[in-house]
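Reviewing the structure listed below.
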Amino acid sequence: MLRQARLAEKVGLDSFWIAERHFAEDGYAAAVIPICAAVLGATERLIAGTSVAIASFYNPVRLAEDAIAADLLSGGRFVLGLGTGYRPEEFAGLDVAPETDEARLDEVAEILEKAFTGMPFSHHGRFYDIPELQITPAPFTAGGPPIMLAGDGVIDRDAERAAQRGKRYMIDPSLPLDEVSRLVALF
């Protein structure tokens, strides 16, 4: 993967994306943020990001700390792509109820927005209860590393979520062009 990232940079590509999967022998990675950090350390200008990190599988405070570390170490070249899961064995193996996945994504995104300010914050929600704390050090990028919210196929809700939160939007690249155009217009 590091060899591929260096080659991508050498031939002029702008970004490198690492997808998260657990308990699978299909080339996906379970530890996407450390791998992004390694890619960022092996390159000079390439942007590296998660495509996607499954929000439900993270403690949001640790996720904020890890994302800020990647942002700092790379000088602002890290993008945190977040999304939902779909594989039953991942939810079972990580002890997360699949029916809570969408709501957890929303709550994690809300917590990250607070954590990335560099200011003290607290959060009291459905899944997470965070006392007042401040993530240190503050991010390199003002407002924290960019968050990109992924679309889970042909679902209008995903485009609307990204737009309402003012975040980047990742569309499934396997969709037909007319559907991609429709979702971009909705976003």
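Set the Cα radius of gyration of segment 46-156 against 2.2 N^0.38 Å, with N its number of residues, and you get 1.06. Accessible surface area normalised per residue over the chain is 50 Å², counting heavy atoms of protein chains with a 1.4 Å rolling probe. When a 1.4 Å probe is rolled over the protein heavy atoms, the share of accessible surface on segment 25-100 that falls to carbon and sulfur comes to 53 percent. Calculate the tail of P(r) for segment 86-141: the fraction of all Cα-Cα distances greater than 15 Å, expressed in %. Every Cα pair in segment 86-141 considered, those over 15 Å come to 56 percent. Electrostatic bookkeeping for Ala24 treats Lys and Arg as +1 and Asp and Glu as -1; over the other residues with beta carbon under 9 Å from its beta carbon, the sum is -2. What would the Debye formula give as log10 I(q)/I(0) at q = 0.18, 0.25 Å⁻¹ for the alpha-carbon point model of segment 113-153, no solvent? Ignoring solvent entirely, the Cα scatterers give -0.62, -0.88. In terms of Cα atoms, the Rg and Dmax of segment 1-54 work out to 11.0, 33 Å.
Stokes-Einstein D for segment 120-187 at 20 °C, 1.002 mPa s, Kirkwood Rh over Cα pairs, in µm²/s? Rounded to a whole number, D works out at 151 µm²/s. The eigenvalues of the Cα gyration tensor, multiplied by 5 and square-rooted, give the chain an equivalent ellipsoid with semi-axes of 23, 22, 17 Å from largest to smallest.
Dividing the helix sum by the residues of the chain, where each DSSP H run of 4 or more adds -39500 (n - 2.57), gives a mean residue ellipticity at 222 nm of -12500 deg cm²/dmol.
Figure note: Glu132, Glu107 ranked by solvent-accessible area, largest first, 1.4 Å probe, ligands and nucleic acids not counted: Glu132, Glu107. Net charge in the neighbourhood of Gln164 (other residues with Cβ under 15 Å of its Cβ; Lys, Arg +1, Asp, Glu -1) is -3. Net charge of the neighbourhood of Ala69, taken over other residues with C-beta under 14 Å away and scored Lys/Arg +1, Asp/Glu -1, is -1.
The values are calculated or read from the model by the stated rules, or taken from the named source; none is laboratory data. Everything numeric here is computed off the predicted structure, so don't read it as measured data. Glycine also receives a Cβ, built like all others from the backbone with ideal geometry; neighbour counts cover every protein chain displayed. Note: areas computed on protein heavy atoms with side chains; ligands, DNA, RNA excluded. Shrake-Rupley method; radii C 1.70, N 1.55, O 1.52, S 1.80 Å.
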